[in-house]
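The values are calculated or read from the model by the stated rules, or taken from the named source; none is laboratory data. Given the structure is predicted, the values throughout are model-derived calculations rather than measurements. Because the Cβ atoms are built from the backbone with ideal geometry, glycine has one as well, and the counts that use them run over all protein chains shown.
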Amino acid sequence: MNDFAVQDVVVVGAGQAGLSGAYHLARAGIRHVVLDHAPRPGGAWQFRWPSLTYGKVHGMHALPGMELTGADPLRPSSEVIAEYFAAYEDRFDLRVRRPVDVTAVRDGADGRLLVESRSGTWSARALINATGTWDRPFWPRYPGQELFRGRQLHTANYPGPGEFTGARVIVVGGGTSAVQHLLEIAEVAAETTWVTRRPPVFRDGSFGEEQGRAAVALVEERVRQGLPPRSVVSVTGLPLNEAVRGGLESGVLDRRPMFDHLTRTGAAWSDGSRVEADVILWATGFRPAIDHLAPLRLREPGGGIRLDGTRAVRDERIHLVGYGPSASTIGANRAGGAAAREIHRLLTRTGAGVR
């Protein structure tokens, strides 16, 4: 193992949360390396669909120490934010190693962690896990799914509205992405149908700091109980902006309850009603990409990883950022700083050097 592979901290992931963590580690003088499996800077943003322009992005907060200014709201967010992340890495000399696909994190000798990848193994005293959710799209299972003769795809593979021209499309999901997909697909599709498990809740008016804290607290409580986290957006409701109002008035956002099963040509409900479709778009969200942490046995019986702040309760060396209550961009910034401070205390207490 070469000297570069022996670090105080390994940061896995170079999205918003990972870069924030690396920034704060650098300011604290803690030796670290950032490993990112993506081919270039930009985190999950680089994979977003072209029609998601920067002006449509909901709640993008700047990384610590460097504002994002002068961005053209009409440019794709994938380009704007990827360029911003790249400039951020350069300014603070974060030296992200990519592409590195971390496959497992295990206990090593002398209380260290071994971070394994196909590119090599790193040894560290602590780890900041910032792998997000983009790599684990959630596909629900419904009877007849394998029979449907049309096309099925997930938000993670959404190509933009152009490929749905003239098609009959069912969009499944009650989140912001589902609404964004519907509003733009409806302009070119022959027919759209919106299906959700629960009636959507639309949020009118301002969403201030107090409401934000309350929403985060709901997600934090699940994490403290060791349950799989829900996203912050899932408890805030859908913002009732001008575009959404238009969709409600036009009927595009006239939601139907979840179908009972799929058929060869569409969807069917228990009341006997049917909708014919050429495409089913599953805007059903994502799950945390944390399978590489499995060797450490961090999961609770409820299925999630219980945290105290950002620290895993079962292993004080492991910090999760961009997970649960810190999954928003502003939450990721704060979590990166909190994790770095906790790790600094850990290294000081255990006698590890901080340069």
If a residue has to be in a loop (DSSP other than H, G, I, E, B), under 22 Å from Ala339 (Cβ atoms) and in contact (Cβ under 8 Å) with a residue 60 or more places away in the chain to count, how many in the range 28-61 make the cut?
10
Under 6 Å by Cβ, and 6 or more places apart or on different chains, what pairs join a residue from the range 248-260 that is farther than 15 Å from Ile185 by Cβ with one that is loosely packed, with under 15 Cβ neighbours inside 10 Å?
Met258/Arg197; Asp260/Ser270
When (1) in contact with a Leu (Cβ under 9 Å, 6 or more places away or on another chain); (2) buried (at least 17 other Cβ atoms within 10 Å of the Cβ); (3) at pLDDT 95 or above; (4) not in a helix (DSSP H, G or I) are applied to Pro288, the one that fails is (3)
Looking at the range 70-77, is at least one residue touching a residue at least 24 places away in the same chain (Cβ under 8 Å), hydrophobic (A, V, I, L, M, F, W, C) and touching a helix residue (DSSP H, G or I) at 6+ places or on another chain (Cβ under 6 Å)?
no
Determine if the range 118-131 includes at least one residue that is β-branched (Val, Ile, Thr), surrounded by 16 or more Cβ atoms within 10 Å (Cβ to Cβ) and either free of Cβ contacts under 8 Å to residues at least 12 places away in the same chain or within 22 Å of Arg245 (Cβ to Cβ) (or both).
no
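Looking at this structure, is Pro50 under 30 Å from Leu281 (Cα atoms) and either out of contact with any helix residue (DSSP H, G or I) (no Cβ under 6 Å at 6 or more places or on another chain) or of a type outside the set (D, E, K, R) (or both)?
Numbers: under 30 Å from Leu281 (Cα atoms): yes; either out of contact with any helix residue (DSSP H, G or I) (no Cβ under 6 Å at 6 or more places or on another chain) or of a type outside the set (D, E, K, R) (or both): yes.
So Pro50 passes the test.
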Search result, residues across the range 153-169 that are surrounded by 17 or more Cβ atoms within 10 Å (Cβ to Cβ) and either under 20 Å from Phe286 (Cβ atoms) or in contact with a His (Cβ under 7 Å, 6 or more places away or on another chain) (or both)
His154, Thr155, Ala156, Tyr158
Out of the residues in the range 1-60 that are more than 22 Å from the chain's Cα centre (by Cα) and basic (Lys, Arg), state the one that is nearest to His181 (Cα to Cα).
Arg27
I'm trying to understand the selection: among the residues of the range 320-352, which are among the β-branched types (Val, Ile, Thr) and assigned to a helix (DSSP H, G or I)?
Thr329, Ile330, Ile343, Thr348
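Condition first: in contact with a Phe, Trp or Tyr (Cβ under 7 Å, 6 or more places away or on another chain) and in a loop (DSSP other than H, G, I, E, B). Now tell me which residues in the range 102-139 satisfy that. Steps first, answer last, please.
Applying the first criterion (in contact with a Phe, Trp or Tyr (Cβ under 7 Å, 6 or more places away or on another chain)) to the range 102-139 yields 115, 133-134, 136-139.
Passing the criteria: Thr133, Trp134, Arg136, Phe138, Trp139.
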